Amino acid sequence: MNETAESMASILIIEDDPKQLKLYAKALRGHRLTCVSTGSAALQAVTEVKPDLIILDNILDAGEKGIDFLPKLKSAAAHVPVILISGTLQIRQQLAALQGPHSAHYTLDKPVDLDELDRTVEIALTQCGFGETVAVLQSLEQAEKIDASEPDRRFTERLARQYEMIKRLRAATERPNISGLARDFNVSRKTIIRDLQDMIRRGQLAEEVYPEWRTETGDGE
């Protein structure tokens with residue numbers, strides 16, 4: 001892999017303003033961007049592109065309001081962090097959007113400050129979403145005192161390892177070193193291959209990161 005772009009995150013942008021889309025394209029250069037102009041199209045795109053992050057504008061095409069689609073988007077992809085962007089929402093509406101089981105992670109005002117957007121996207125991708133899911137599972141294991149040999153514990157360990165691998169590979173400039181990753185995580189090469197296959201199937205990594213993913217054989221731990 002010659003460029004970092006292939007391994008960067010998948011971001012779904014729901015925005016109907018061409019000028020704003022150009023702004024996002026410049027600010028998020030290198031990430032894999034999918035752009036739609038309505039909440040209705042976004043619901044379909046969520047299942048097709050499997051985004052790592054959603055940027056949701058409140059005023060959309062066809063008279064739709066992004067905030068009305070927020071619960072549906074979170075129901076379809078509860079693990080995906082959402083950044084809600086608006087120049088019309090009042091403080092009380094912004095707070096409401098950040099509360100409850102179907103809430104956004106962040107709200108940003110228009111005009112969007114690109115430095116603030118960059119920082120927010122970075123935190124959302126590295127600490128929210130998949131990372132939060134892993135942290136919750138680890139916390140539940142501690143509360144339930146799950147033994148290390150139990151399947152649930154092994155499942156969480158696998159997700160935690162994959163989470164750390166995603167962060168490494170998105171910043172990489174070369175193809176993954178299977179043997180090096182196996183040493184770092186103290187698992188077999190086949191386990192690392194299986195992890196890569198899992199992440200590519202889920203859309204968390206682009207296929208170009210590991211083109212052999214369809215033909216290699218992984219095993220359990």
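The values are calculated or read from the model by the stated rules, or taken from the named source; none is laboratory data. Nothing here was measured: the structure is a model prediction, and the numbers come from that model. All Cβ positions, even for glycine, are placed from backbone atoms using ideal geometry, and neighbour counts span all protein chains on display. In case anyone asks, the SASA skips ligands and DNA or RNA and just uses the protein heavy atoms, side chains included. Shrake-Rupley method; radii C 1.70, N 1.55, O 1.52, S 1.80 Å.
For the reader, a short list of remarks on this structure follows.
- Some residue of the stretch 35-56 being within 20 Å of the chain's Cα centre (by Cα), at positive phi and not small (Gly, Ala, Ser): yes
- Any chance Leu114 is over 24 Å from Val136 (Cα atoms), more than 15 Å from the chain's Cα centre (by Cα) and either open to solvent by 30 Å² or more (accessible area, probe 1.4 Å) or touching a residue at least 12 places away in the same chain (Cβ under 8 Å) (or both): yes
- Hits in the stretch 12-27 - residues which are of a type outside the set (Lys, Arg) and not in a strand (DSSP E or B): Glu15, Asp16, Asp17, Pro18, Gln20, Leu21, Leu23, Tyr24, Ala25, Ala27
- Helices (runs of 4 or more DSSP H) contained in the stretch 124-220 and holding at least 1 residues buried (at least 20 other Cβ atoms within 10 Å of the Cβ) and touching an Asp or Glu at 6+ places or on another chain (Cβ under 7 Å): 151-170, 189-201
- The residues on offer are Ala96, Ala62, Ala9, Ala27, and the sole one that is without any contact (Cβ under 8 Å) to a residue 60 or more places away in the chain and at negative phi is Ala96.
- Tally of residues being of a type in the set (S, T, N, Q), open to solvent by less than 70 Å² (accessible area, probe 1.4 Å) and farther than 15 Å from Ile67 by Cα across the stretch 33-51: 1
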